[in-house]
Amino acid sequence: MRARNLRLFLAGGLLVTAGLALVVSGFASSSPDGLERVAEDRGFLETARDHLFADGPLADYVVEGVGNERLSTGLSGLIGVLITFGLGLALFALVRSRRPGGGTGRGPGPRGSGPARGSGPAQAPGSGPKPTRAP
Amino acid sequence: MHIPDGFINAPTSLAAGAVAAGGVGVSLRRAAQTLQERQAPLAGLVAAYIFAVQMLNFPVAAGTSGHLLGGVLAAVLVGPWAGCVCVAVVLVVQSLLFADGGLTALGLNITNMAVVGVFGGWAVFRLLRRVLPATRTSVVAASGIAAGVSVVLAASAFVVEYALGGTGGAPVSTVLAAMVGVHTLIGIGEGVITALTVGVVLGVRPDLVFGAADIQAPLSVRPEPAPEEVR
């Protein structure tokens with residue numbers, strides 16, 4: 001029950017997040033931000049150099065080749081959200097799997113027949129959702 | 001708030017890189033020790049949410065905008081250690097894929113927003129929690145105020161870096177005044193967004209809010225099931 005709620009919460013949160021990035025981002029202010037404004041006013045904006053990846057396919061939050069500005073920004077945001085979420089999930093799963101005191105070995109991703117320490121303690125009996133990483 | 005390449009000279013950027021690597025490294029280690037199972041996926045969501053909301057620049061004054069930094073938001077939801085990692089992940093993605101924030105300035109940006117913003121803001125949050133009554137409303141209020149202060153702290157960290165290695169000729173005092181001024185306004189937005197988000201999560205899943213762990217409703221009578229119950 002709890003676990004299902006958590007999954008529901010995560011799904012809802014991700015949906016809201018994706019909506020913000022995909023739709024709302026198109027309506028964001030395009031004025032320079034605080035630092036950029038100060039740099040301009042105080043005369044050091046021109047010390048900025050071009051970003052090495054300024055020609056990248058997602059540079060400046062537009063998807064290369066998508067003409068509509070709002071759609072392009074929105075799509076780039078959605079891609080960014082998915083990448084950040086995936087990266088975050090993977091990183092924190094890895095970090096937790098290597099927590100000290102885990103006991104079994106030192107490689108990431110415990111496997112074998114023992115209780116899978118890395119994928120967390122067992123759920124409450126009866127709740128049933130299997131640890132997603134178990135082979 | 002994302003520093004591009006060129007604003008700050010190489011030695012200062014390198015030093016900030018060391019601070020950033022140290023801060024994120026310690027945070028990773030401490031997050032591994034403290035992050036609870038159910039909070040690990042939440043931390044991924046927090047990073048994604050911060051990425052999304054950082055795109056939503058809001059106007060703060062004529063011709064100037066600001067956006068969420070997210071340090072206090074992350075710290076209150078998943079704890080300062082995981083929170084620091086969340087913001088750092090966002091900054092790396094932004095710099096590498098979106099050309100937002102210079103590559104050579106990555107250490108500076110992580111120092112300002114993921115280290116100073118998160119831990120400075122978290123310290124303010126803790127202080128406020130100590131003074132305010134132990135209620136959910138206090139958690140929301142403390143989150144909002146600490147978030148606002150954290151923006152000014154991060155902006156001040158930039159001014160320190162500018163004083164140490166700024167390549168432009170502007171006097172530090174005027175940069176300080178301008179940075180603190182505009183980021184006080186941006187901090188109001190940061191506070192509102194942070195308080196709203198923490199308020200919503202507290203309403204839906206209060207048990208997931210790290211910064212409110214001490215005021216859970218007295219439901220946790222049932223002990224955690226022992227790990228041996230696998231079979």
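Measure nothing but the geometry: give the 0 to 90° angle between the long axis through the Cα atoms of B:39-54 and the longest principal axis through the Cα atoms of chain B, rounded to 10°.
30 degrees
Grab the Cα-Cα distance for B:Leu196 and B:Val172, subtract it from 0.36 nm times how many residues apart they are, and report the gain in nm with one decimal.
Contour length minus Cα-Cα distance gives 5.1 nm.
Does anyone have the angle between helix B:172-204 and the longest principal axis of chain B? Alpha-carbon axes, 0 to 90°, nearest 10?
20 degrees
Please compute the alpha carbon radius of gyration of the stretch A:1-58, then divide it by the globular-protein estimate 2.2 N^0.38 Å. Two decimals is fine.
1.85
Let me understand the stretch A:52-101 better: what is its radius of gyration from the alpha carbons, and its Dmax, in angstrom?
15.6, 53
First obtain the Kirkwood hydrodynamic radius of chain B from its Cα pairs, then insert it into the Stokes-Einstein equation at 20 °C and 1.002 mPa s, and state the resulting D in µm² per second as a whole number.
Stokes-Einstein gives a translational diffusion coefficient of 118 µm²/s.
Taking only the C-alpha atoms, wrap a convex hull around the stretch A:2-97 and report its volume per residue in Å³ as a whole number.
So the per-residue hull volume is 160 Å³.
Compute the angle between helix B:121-131 and the longest alpha-carbon principal axis of chain B, please, reported from 0 to 90 degrees and rounded to the nearest 10.
Between helix and principal axis, roughly 50 degrees.
B:Ala21 to A:Ala90: FRET efficiency via 1/(1 + (r/R0)^6), r the Cβ-Cβ distance, R0 22 Å, to the nearest 0.05?
So, using R0 = 22 Å, E works out to roughly 0.65.
Find the relative contact order for the stretch A:2-97 and round it to a whole percent, using C-alpha pairs within less than 8 Å whose residues are 6+ positions apart.
After rounding, I find 34 percent.
In nm, to one decimal, how far is the A:Asp41 label point from the B:Arg136 one, both placed 7 Å along Cα→Cβ?
So the label points at A:Asp41 and B:Arg136 sit 4.0 nm apart.
What's the average, rounded to a whole number, of partner chain beta-carbon atoms within 10 Å of each residue's beta-carbon in A:16-24?
The mean count of partner-chain Cβ atoms within 10 Å per residue comes to 4.
Which of rounded, prolate or oblate describes the stretch B:1-114 when judged by the alpha-carbon gyration tensor and an a/c cut-off of 1.5?
oblate
Relative contact order of the stretch B:10-212: what whole-number percent is it, with Cα pairs under 8 angstrom and at least 6 residues apart?
Reported as a whole number, the value is 26 percent.
At 7 Å along Cα-to-Cβ for each site, give me the label-to-label distance between B:Arg126 and A:Ala54 in nm.
Calculated label separation equals 4.2 nm.
The numbers here are math on the coordinates, done by the rules we state, and not lab data. The structure displayed is predicted, hence computed values, not measured ones. In this analysis, Cβ positions are derived from the backbone assuming ideal geometry, glycine residues included, and neighbour counts consider all displayed protein chains.
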